[in-house]
Structure formats: structure tokens, C-alpha cells
Amino acid sequence: MVFDEQQYIEAFKVCGNQLQQCLDTLENRRHAWHKVQPSRPSFADLIFSVGNRIYAVLLAKVENAHGQRGKQVQVQISLPEDQRTLLLEEARHFNLEPAFFPIWVHSMAPLSLGWNLLSPVSGEMINPAEVPDLPEPVPMSDWELSNLRVSVVINELRKKNVPILSYQDIPHVQPNIWFRDEDGLPGWICVVDPDAHEPLPDPDAFRRQLPDSPQEIPGYIARVGLKKHDISDPTPYRGDGFFVSYRGPEKV
């Protein structure tokens with residue numbers, strides 16, 4: 001991680017608040033948050049959409065910035081190479097727009113006002129309000145569907161005041177959610193597509209990966225079904241409406 005834990009939480013809040021202010025100014029363009037809490041593992045810190053483009057944002061330290069009047073400012077940032085590579089690979093794989101949110105580490109202030117998003121590809125600043133939408137329709141990626149399913153389960157847990165310890169929404173990486181039950185004990189949930197033909201996760205395999213945790217730690221499967229409102233085309237596209245079927249977690 002490029003920031004220590006305290007700096008990271010502060011930088012996360014700065015980024016979220018500034019991007020929310022920009023989103024609030026948008027008119028006649030659909031926008032939404034897809035990731036608003038820290039999670040591990042993850043390829044991005046915050047994720048939001050404007051129109052049918054989804055932006056995956058990584059927090060980055062500003063090491064240096066210089067320029068001359070009338071010329072583009074050159075920015076040198078600090079970010080581990082593996083994080084940069086992972087962002088670019090996953091953004092390409094899941095059809096996302098990669099971006100850095102540069103922050104001065106000493107003052108914890110953003111590099112610039114407004115969106116403050118820097119393209120890791122072109123090195124130029126990105127203004128999502130001015131970027132045209134992708135040609136429609138845009139099929140949803142595996143990550144988008146996984147993110148939607150995990151969000152359904154997390155929202156249901158929060159309605160029941162269940163403490164969420166951590167979560168992640170990367171496809172085919174399990175478990176997705178760690179929580180604390182009514183007795184204060186930890187538990188995990190694997191969120192799955194009930195229509196998928198993949199084998200269900202093996203709870204014993206997860207327990208073997210937790211040498212410092214009690215072996216009786218409970219595990220659950222959450223089957224979240226998604227069906228489009230428009231049944232004429234079964235392909236899920238960005239902006240589609242869905243019927244959601246979910247009956248709660250099943251203990252395994």
C-alpha cells in the first residue's frame with residue numbers, strides 16, 4: 001500500500017468526498033457508486049460510473065509536479081508497480097476506465113480541484129463529465145455482475161445490523177464477505193450465481209487457510225439470481241433493470 005493505514009483512510013475520504021461533489025453537479029447523465037468502502041483484495045480503491053463508463057480509481061502519492069504557464073503540468077506520482085499493473089490489467093479485462101487520484105502526502109490535499117483524475121495511459125487529466133459515453137449497448141462484465149450480487153447480500157446484512165468485517169467482489173475469488181454473527185463470532189459468505197455450472201466452494205478448504213482461526217468458524221453460501229426485466233435479450237447490459245432473487249445465506 002502506498003499510504004500507511006491512517007493516511008490511507010484520510011486519503012480515501014478526501015477522494016470520495018471530492019468525487020461526490022463532482023457527481024452532484026452532473027445533469028442529465030446517469031451516475032452511481034460501485035465501490036465506496038475499502039476492501040481487500042481489490043484492484044481499485046473507489047469505483048463509480050458516469051453514463052455507461054465505469055471508472056476504477058487508485059489513490060496515488062504526488063512526488064512532484066511542475067510546469068510552465070500555458071503548458072501541461074507534469075506530475076510524478078508514487079505507486080507500487082504491481083498495483084499499477086493490476087489496475088491496468090483488470091480495467092482492460094472488465095472494460096473499465098483506469099484512473100489515479102493523486103494526493104500530496106504531506107498536506108493530504110488533492111493535486112487539483114474538480115475530478116482530479118489522472119490517466120495512467122495518457123498521463124492527462126480526465127474529466128468524466130466531458131467524456132462521451134461508450135456506444136450502446138455495453139455488456140456487463142463478470143466483475144459488474146459479481147459486484148451487484150455482493151452488494152445485494154451486504155445490503156441485506158446491514159438491514160439486520162450485522163457487522164461487516166470485510167468484503168471483496170473479484171469474480172472467482174472466495175469468500176466474498178466476512179462478518180460477525182449475533183454471538184460476536186466471525187463467519188464468511190461465498191456469493192454465487194445459482195445458474196452457474198461451477199461447483200460450489202468447499203468450506204473445509206477455506207478453514208484450512210485460516211490457521212489462527214477456530215476450525216468451527218461457520219461458512220455460508222448466498223445464491224443471488226439476476227434476471228433482466230427485458231427478457232427479449234438475455235445478455236445483461238449496463239443500465240439494465242433486474243429482478244433479484246435471494247433467500248438469505250445457507251450454512252454449509
For the stretch 117-130, Karplus couplings with θ = phi - 60° (6.51, -1.76, 1.60), whole Hz, Gly/Pro x: 10, 10, 6, x, 8, 9, x, 9, 6, 10, 10, x, 5, 9
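Here are some pairs, K159/K251; K35/K160; K13/K251; K160/K251; K159/K227; K228/K251; which of them have Cα atoms lying more than 25 Å apart in this structure?
Numbers: K159/K251 19 Å; K35/K160 21 Å; K13/K251 35 Å; K160/K251 17 Å; K159/K227 23 Å; K228/K251 28 Å.
Flagged as over cut-off: K13/K251; K228/K251.
So for the stretch 86-174, averaging the separation of alpha carbon pairs under 8 Å that are six or more residues apart and normalising by length, what relative contact order in percent results?
Working: 64 pairs, mean separation 16.7, N = 89.
That works out to 19 percent.
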Amide H partners (placed H, <5 Å) of G51, local residues excluded: R30, H31
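Over the stretch 142-251, what is the percentage of antiparallel beta bridges among all DSSP beta bridges, to the nearest 5? Walk me through the numbers on the way to the answer.
Working: 13 of 18 bridges.
Percentage antiparallel, nearest 5: 70.
Compute the length gained on full extension between W104 and D204: take 0.36 nm times their separation in residues and subtract their Cα-Cα distance, giving the result in nm to one decimal.
Working: separation 100, 0.36 × 100 = 36.00 nm, distance 4.50 nm.
This chain segment gains 31.5 nm when fully extended.
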Relative contact order of the chain, pairs being alpha-carbon contacts under 8 Å that are 6 or more residues apart, as %: 13 percent
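Which of rounded, prolate, oblate describes the stretch 88-162, given a ≥ b ≥ c as roots of the alpha-carbon gyration tensor eigenvalues and a/c under 1.5 marking rounded, otherwise prolate only if a/b is larger than b/c? Provide the component values of the computation, followed by the final result.
Working: a/c = 2.37, a/b = 1.31, b/c = 1.81.
Oblate is the answer for the stretch 88-162, as a/c is 1.5 or above yet b/c matches or exceeds a/b.
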HN-Hα J in Hz across the stretch 168-179 - Karplus 6.51, -1.76, 1.60, θ = phi - 60°, x for Gly and Pro: 7, 10, 6, x, 6, 10, 10, x, 8, 9, 10, 9
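Starting from the Cα gyration tensor of the chain, take the square roots of the eigenvalues, sort them a ≥ b ≥ c, and report rounded, prolate or oblate (rounded when a/c is under 1.5, otherwise prolate if a/b is larger than b/c, else oblate). Write down the numbers at each step before the final one.
Numbers: a/c = 2.21, a/b = 1.44, b/c = 1.53.
Note, shape of the chain comes out oblate.
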Residue-span extension gain [V36 to L88] - 0.36 nm each, minus C-alpha spacing: 16.7 nm
Length-normalised contact order of the stretch 142-251 in % [C-alpha pairs under 8 Å, at least 6 apart]: 21 percent
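What FRET efficiency, computed as 1/(1 + (r/R0)^6) with R0 = 22 Å and r the Cβ-Cβ distance, is obtained for Q6 and E63, rounded to the nearest 0.05? Don't jump to the answer; show the numbers that get you there.
Working: r = 20 Å, r/R0 = 0.90.
The pair Q6/E63 has a calculated efficiency of 0.65.
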Pair F243, S151: separation of 7 Å Cα→Cβ label points (nm): 2.1 nm
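Please figure out what share of the DSSP beta bridges in the chain is antiparallel and state it in percent, rounded to the nearest 5. If you can, show how the numbers build up before the last one.
Numbers: 33 of 46 bridges.
Within the chain, antiparallel bridges account for around 70 percent of the total.
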Net charge over other residues, Cβ less than 14 angstrom from the Cβ of W143 (K, R count +1; D, E count -1): -3
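Laboratory data are not the source of any read-out in this text; all were calculated from the coordinates shown. Source: prediction; values computed, not measured. In this analysis, Cβ positions are derived from the backbone assuming ideal geometry, glycine residues included, and neighbour counts consider all displayed protein chains.
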